[in-house]
Amino acid sequence: MAIGRSPVSEVIIPTGEVALLGAEGFILRSGALDGVPVLATYGEPELNARGANIGTGFGAYALLEALGYGFLHPLAPVRPARLPQQAPTIDRSERPAWAIRGLQLHTMHPLELTDLLNGWGPAGPGDASGWEAGLPEWERYLAWMLANRQNRVHWVLLIGDSW
């Protein structure tokens, strides 16, 4: 497997093809290098990228899906019982139809991530250790968003006189 721009992925996916897709697009392709099967994905970053290449991230999750993984619920990814014996034949490219794709988490009443997104743990505004303990759940949520080709998340911060 080759994820991102590398000498291996560039044999299977020429860089010029990826650039034609535009921001956040990716190519996922199977091929061979010296007779060895290869699954490769490479993508383009978002416009004004400041860090990780989100197109490659989308492609990495598409590769996992091609191998039998599923990402239907943020906290319960599906893992295949076993990986395929042979690499699947794939030639797929995607680019987003809309520049902004995301979710708004409803924080106006208690839901799973409300406390964390407001900056405290389950015991209230002074619960720093509870907040820190919730961060892995947030990371799983963000991974789920990436797997589902989302690029934005939004929520409303709450306020109270006692806080």
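The values are calculated or read from the model by the stated rules, or taken from the named source; none is laboratory data. Note that the coordinates shown come from a computational prediction; the quantities given were computed from them, not determined experimentally. Counting neighbours? That spans all protein chains shown, and the Cβs are built from the backbone with ideal geometry, glycine included. We work out accessible area using only protein heavy atoms, side chains counted, and drop any ligands, DNA or RNA first. Shrake-Rupley method; radii C 1.70, N 1.55, O 1.52, S 1.80 Å.
Residues in segment 116-157 that are part of a helix (DSSP H, G or I) and of a type in the set (Phe, Trp, Tyr): Trp131, Trp138, Tyr141, Trp144. For segment 45-98: of the residues being touching an Asp or Glu at 6+ places or on another chain (Cβ under 9 Å) and among the hydroxyl-bearing types (Ser, Thr, Tyr), which is farthest from Leu111 (Cα to Cα)? By that ranking, first place goes to Ser93. So, Leu103, is that one in contact with a Ser or Thr (Cβ under 7 Å, 6 or more places away or on another chain), among the hydrophobic types (A, V, I, L, M, F, W, C) and farther than 30 Å from Gly35 by Cβ or not? No: the conditions fail for Leu103.
Taking segment 1-114 and the strands (runs of 3 or more DSSP E) fully enclosed by it, the elements with 3 or more residues that are modelled with pLDDT under 95 and either closer than 17 Å to Leu142 by Cβ or open to solvent by 40 Å² or more (accessible area, probe 1.4 Å) (or both) are at 102-105.
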